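A.B. asks: Can you read through this structure? Questions will come right after.
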Amino acid sequence: MNGHDFPDALKQLLDEFSRSGIRELHIRKPDFELYLSTEASAARPQAATPVAAPVSAPPAQSAPAAKPASAPLTPASSLPADAVIIKAPNLGTFYRAPKPGAANYVEVGSQVQVGDELCLIEVMKLFTAVRASASGTVHAVLVEDGAMVEGGQPLFALVRD
């Protein structure tokens, strides 16, 4: 890529970032650093902060207690027949809150609208927001916080109002 292509490549990256649903992106190279965030209150990472330990990653001790992806919290037989199932868009680690110590995005009984953020899926320090595809009430959370999930795995059951 020559110097004249850089602005076009950066514009394309910004456009793809805004459409992706990813909340944060941090790229660091010896001669270049880029930090993008959809959070207005996000602070730029400090140079001394190691890339392997971003502030938004949950503490390491939560991962060992996680249930395997094949063990849902609520059995499928107890879900209403008309439940809307929200599935993982890709494999990764399931997080119910935006950062450690913060309140969960939703709880059982929470009212949600189409597009409301329900959780995050993290893979290789990239976080993808999972959003409600229907309006309704959260009937069940099907995965334990910090668990590894597979693409297409059910995460939430919603009941339409």
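The values are calculated or read from the model by the stated rules, or taken from the named source; none is laboratory data. Keep in mind that this is a model prediction, so the values were computed, not measured. Cβ atoms come from the backbone with ideal geometry, glycine included; neighbour counts cover every protein chain shown.
A.B. asks: Can you find a residue in the range 126-135 that is part of a strand (DSSP E or B) and under 21 Å from S78 (Cβ atoms)? Steps first, please.
C.D. replies: Residues of the range 126-135 part of a strand (DSSP E or B): 126-131.
Right, trim to under 21 Å from S78 (Cβ atoms) and you get none.
Scanning the range 126-135, I find no residue that is part of a strand (DSSP E or B) and under 21 Å from S78 (Cβ atoms), so the answer is no.
A.B. asks: Checking the condition farther than 21 Å from T38 by Cβ and touching a Gly at 6+ places or on another chain (Cβ under 6 Å), which residue from R160, R131 passes?
C.D. replies: Values: R131 fails: farther than 21 Å from T38 by Cβ.
None of the other options fit; the residue is R160.
A.B. asks: Sticking with this one: Could you grab the pairs with beta carbons closer than 7 Å, sequence gap of 6+ or different chains, first residue in the range 108-123 and of a type in the set (D, E, K, R), second one surrounded by 12 or more Cβ atoms within 10 Å (Cβ to Cβ)?
C.D. replies: These pairs meet every condition: D116/R131; D116/A132; E117/Y105; E117/A129; E117/R131; E122/G92; E122/T93; E122/Y95.
A.B. asks: On to the next question. Pick from A103, A69, A43: which is modelled with pLDDT of 60 or more and either out of contact with any Pro (no Cβ under 6 Å at 6 or more places or on another chain) or in a loop (DSSP other than H, G, I, E, B) (or both)? Explain how you work it out, then say what you get.
C.D. replies: Values: A69 fails: modelled with pLDDT of 60 or more; A43 fails: modelled with pLDDT of 60 or more.
Matching residue, one of A103, A69, A43: A103.
A.B. asks: Could you tell me whether A53 is over 30 Å from A140 (Cβ atoms), at pLDDT below 55 and small (G, A, S)? Before the answer, list the steps.
C.D. replies: Working: over 30 Å from A140 (Cβ atoms): yes; at pLDDT below 55: yes; small (G, A, S): yes.
So A53 fits the description; yes.
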